[in-house]
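Structure first, then comments.
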Amino acid sequence: MRIAAVSRASIGVFCLAGLAACGSGTEPAGVDAPTGSVDLGVNASLNGRVPFPADNAWNLRVDTAGVDPASDILIATIGLNTSLHPDWGTTETFYGIPYIVVAGNTPTVSVTFEYADESDAGPYPIPANAPIEGGSASSGDRHILIIDRDNWVLYELYAAYPPSGGQGWRAGSGAIFDLNSNALRPAGWTSADAAGLPIFPGLARYDEVSAGAINHALRFTAAQTRQAYVYPARHWASSSTDPARPPMGMRVRLKAGFDTSGYPHDARVVLDALKKYGMILADNGSNWYVSGVSDTRWDPAIFDAFRTVKGSDFEVVRMGTVVTP
């Protein structure tokens, strides 16, 4: 979606209420990040290596966290009877958000940004075969996600266009994340995503599902959001102050009583992750669309299975400080 500009906000400390998730300290519910060899290439396997430290918000379990007092209202706004939708595919190469893993010696290029004041200048290691979300002719978000496996750095671009007509690479915005750090974007800054969050750690990937577990939160969208954000988000993309609308960064989880036992393997792994880690509101878009990476190995049954999961099966994890204008 088009990212709305936002004035800087003055903030204090963010936490997931009831959890030690303020970007520092130790959280026993986190996942240790293995140091296995990461493959190279488009949608390459990370072979179990987890982006960001174990106590990073993306890697924290929230299955025992409290429920937010406004949960019922917020879930109803997104849609009680609307089905969960896996926003990725099996045969359409660019249906979903692709990524590429590169070596540390990949040549870098300069990028000109529309939102330069909230973008990381770079340069960015964009290889010739970097996939653009939606394909080269897309009129959509056109994200490019790049992981430098040797320096363990994530580069993300929104509305990215390759050189043409004598111009170099152009993008709406760009963000660079040290995958060994819990550092957040500056308060009020966007990223390649509307909420000022990294995109890659919130994707459902087949390499994780085939290994039997997704050990991090996922990313999802909602049609109506508020001019507000909560940890770990840093940016809003709405002019509405309606408290019934969800703030960016809001985290939901599948209710503990939801029975996943009858679902096909791929769907069950995703749904179990939504119970343990939940999913974080990261952008404006269709309601209950959860992001993933297209892969021909997905079991197509996952797409039919998700239609039986409704908004009413979710609850909002208790939120900490809500930042407003």
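The values are calculated or read from the model by the stated rules, or taken from the named source; none is laboratory data. Being a predicted model, the structure only gives us computed values, none of them experimental. Please note: Cβ atoms are built from the backbone with ideal geometry, for glycine as well, and neighbour counts cover all protein chains shown.
Pairs are defined by a Cβ separation below 6 Å, a sequence spacing of at least 6 or placement on different chains, a first member in segment 41-62 that is on the phi < 0 side of the Ramachandran plot and crowded, with 21+ Cβ neighbours inside 10 Å, and a second member that is of a type in the set (Asp, Glu) and part of a loop (DSSP other than H, G, I, E, B); the pairs so defined are ASP55/GLU27; LEU60/GLU27.
A Cβ distance below 6 Å, combined with a sequence gap of six or more or placement on separate chains, defines the contacts here; from segment 118-130, residues that are in contact (Cβ under 8 Å) with a residue 12 or more places away in the chain reach residues that are of a type in the set (Phe, Trp, Tyr) and buried (at least 23 other Cβ atoms within 10 Å of the Cβ) in the pairs TYR124/TYR155.
Check whether at least one residue in segment 69-83 is of a type outside the set (Phe, Trp, Tyr), at positive phi and buried (at least 22 other Cβ atoms within 10 Å of the Cβ), and report yes or no.
no
Which residue, of VAL322, VAL317, is aliphatic (A, V, I, L, M) and within 27 Å of SER261 (Cβ to Cβ)? Checking each option against the conditions leaves just VAL317.
Which strands (runs of 3 or more DSSP E) sit wholly inside segment 240-303 and have at least 2 residues that are touching a Leu at 6+ places or on another chain (Cβ under 8 Å) and within 21 Å of SER45 (Cα to Cα)? Quick ask: steps written out before the conclusion?
Values: elements: 251-254, 279-284, 289-291.
Strands (runs of 3 or more DSSP E) meeting the threshold: 289-291.
The set of residues in segment 262-290 that are small (Gly, Ala, Ser), surrounded by fewer than 24 Cβ atoms within 10 Å (Cβ to Cβ) and closer than 12 Å to THR221 by Cβ comprises GLY285, SER286. Only a single item in (1) under 22 Å from GLY140 (Cβ atoms); (2) among the polar types (S, T, N, Q); (3) in contact with an Asp or Glu (Cβ under 9 Å, 6 or more places away or on another chain); (4) at pLDDT below 85 is not met by THR26, and it is number (1).
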